[in-house]
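The values are calculated or read from the model by the stated rules, or taken from the named source; none is laboratory data. Being a predicted model, the structure only gives us computed values, none of them experimental. Cβ atoms come from the backbone with ideal geometry, glycine included; neighbour counts cover every protein chain shown. Quick note on the areas: whole protein, heavy atoms, side chains included, nothing else; ligands and nucleic acids left out. Shrake-Rupley method; radii C 1.70, N 1.55, O 1.52, S 1.80 Å.
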Amino acid sequence: MAFTFAAFCYMLALLLTAALIFFAIWHIIAFDELKTDYKNPIDQCNTLNPTIERVKKIKRVKIALKLVLPEYLIHVFFCVMFLCAAEWLTLFLNLPLLAYHVWRYVSRPVMSCPGLYDPTTIMNADILAYCQKEGWCKLAFYLLSFFYYLYGMIYVLVSS
């Protein structure tokens, strides 16, 4: 039983997938709150989108990452990690969601800050339903990925 880079990748992927599952659940709850009118769209989009805040004393732009960009960056990190570990099946299983993330970010609405959710259109019934389905699909993908990474980690540790 040897500790290889692939085993390390699977262990790190397990931990980060737990964070992504948390993000997906937060995503589902956020859009459910919008649907039931517990929160207004501006507050909800401020928690989901990254915001740019100007710091007066330092005179520079500070970007506070919220929910969307960390999820995308973690998933890109997974793909690069599994590419370096030559875990091709795991990489190919992650590529469709990576392609979806790239498409979703490239086709985001035009706003003053980087983000996916526009407060003026988020309450549209079609967009709200789409965002809820997206959250449920990502939760299912991350849950399946979690157990696949667990299996992959055990397999790599036992077979080495």
**Message:** Return the residues of region 6-25 that are touching a residue at least 24 places away in the same chain (Cβ under 8 Å), surrounded by fewer than 16 Cβ atoms within 10 Å (Cβ to Cβ) and closer than 19 Å to Gly135 by Cβ; say none if nothing qualifies.
**Reply:** Ala18, Ala19, Ile25
**Prompt:** Taking the stated definitions as given, is Thr90 of a type in the set (S, T, N, Q) and open to solvent by 30 Å² or more (accessible area, probe 1.4 Å)?
**Reply:** no
**Message:** On the basis of being open to solvent by less than 70 Å² (accessible area, probe 1.4 Å) and without any contact (Cβ under 8 Å) to a residue 40 or more places away in the chain, does Ala129 make the cut?
**Reply:** yes
**Message:** Residue under question is Tyr148, and the condition is that it be surrounded by 15 or more Cβ atoms within 10 Å (Cβ to Cβ) and over 13 Å from the mean Cα position of the chain (by Cα); does it hold?
**Reply:** yes
**Hits in region 28-43 (condition: open to solvent by 10 Å² or more (accessible area, probe 1.4 Å), outside any loop (DSSP other than H, G, I, E, B) and at pLDDT 80 or above)** = Ile28, Ile29, Asp32, Glu33, Lys35
**Request:** Kindly indicate whether any position in region 112-122 is within 21 Å of Phe23 (Cα to Cα) and open to solvent by 50 Å² or more (accessible area, probe 1.4 Å).
**Result:** no
